[in-house]
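See structure below.
The values are calculated or read from the model by the stated rules, or taken from the named source; none is laboratory data. From a predicted model like this one, the values you see are computed outputs, not experimental measurements. Neighbour counts are summed over all protein chains in view; Cβ atoms, including those assigned to glycine, are modelled from backbone coordinates with ideal geometry. The area values use the complete protein model at the heavy-atom level, side chains included, leaving out ligands, DNA and RNA. Shrake-Rupley method; radii C 1.70, N 1.55, O 1.52, S 1.80 Å.
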Amino acid sequence: MIQMVTYDLRKPGKDYGNLIKAIKNFPSWAHPLESTWIVKTNYSSVQVRDYLRQHIDGNDQLLVTRLEGNWASFNLQQDVVTWLESNINSASLL
């Protein structure tokens, strides 16, 4: 499964290095935008949320959604586009 992880961290200046390390523990991942990651995992969205939740504060926000099928991008780094092309069915690039 491909899961998109996006978050808003509410505590300015806090080091969220442990959250980033936790995301990078997934077998395969891409980091297309500042607060957005895409991970390849066998875990459900709920399982990914529960795993990452321990690395954020109670007032932070976290959204995990399963990605399937079509995707489109604009002006992303080429390594991210390559990852998406390799891991999600089809692409539409501008």
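If you check Asp60, Asp8, which single one turns out to be surrounded by 13 or more Cβ atoms within 10 Å (Cβ to Cβ) and of a type in the set (Asp, Glu)? Even if it seems obvious, please write down each step before you answer.
Details: Asp8 fails: surrounded by 13 or more Cβ atoms within 10 Å (Cβ to Cβ).
When all the criteria are applied, what remains is Asp60.
When region 58-70 is examined, which residues are found to be farther than 17 Å from Ser86 by Cα, in contact (Cβ under 8 Å) with a residue 24 or more places away in the chain and in a loop (DSSP other than H, G, I, E, B)?
Within region 58-70, Asn59, Asp60 meet the criteria.
Can you tell me which residue among Asn42, Asn18 is polar (S, T, N, Q) and part of a loop (DSSP other than H, G, I, E, B)? Explain how you work it out, then say what you get.
On the way: Asn18 fails: part of a loop (DSSP other than H, G, I, E, B).
It is Asn42.
Under the condition of being open to solvent by less than 50 Å² (accessible area, probe 1.4 Å) and among the aromatic types (Phe, Trp, Tyr), which residue from region 11-57 is farthest from Asn87 (Cα to Cα)?
Restricting to residues being open to solvent by less than 50 Å² (accessible area, probe 1.4 Å) and among the aromatic types (Phe, Trp, Tyr), the top hit is Tyr16.
Quickly run through region 71-88 and pick out the residues that are touching a strand residue (DSSP E or B) at 6+ places or on another chain (Cβ under 9 Å) and either in a loop (DSSP other than H, G, I, E, B) or aromatic (Phe, Trp, Tyr) (or both).
Matches in region 71-88: Trp71, Phe74, Leu76, Gln77, Trp83, Ile88.
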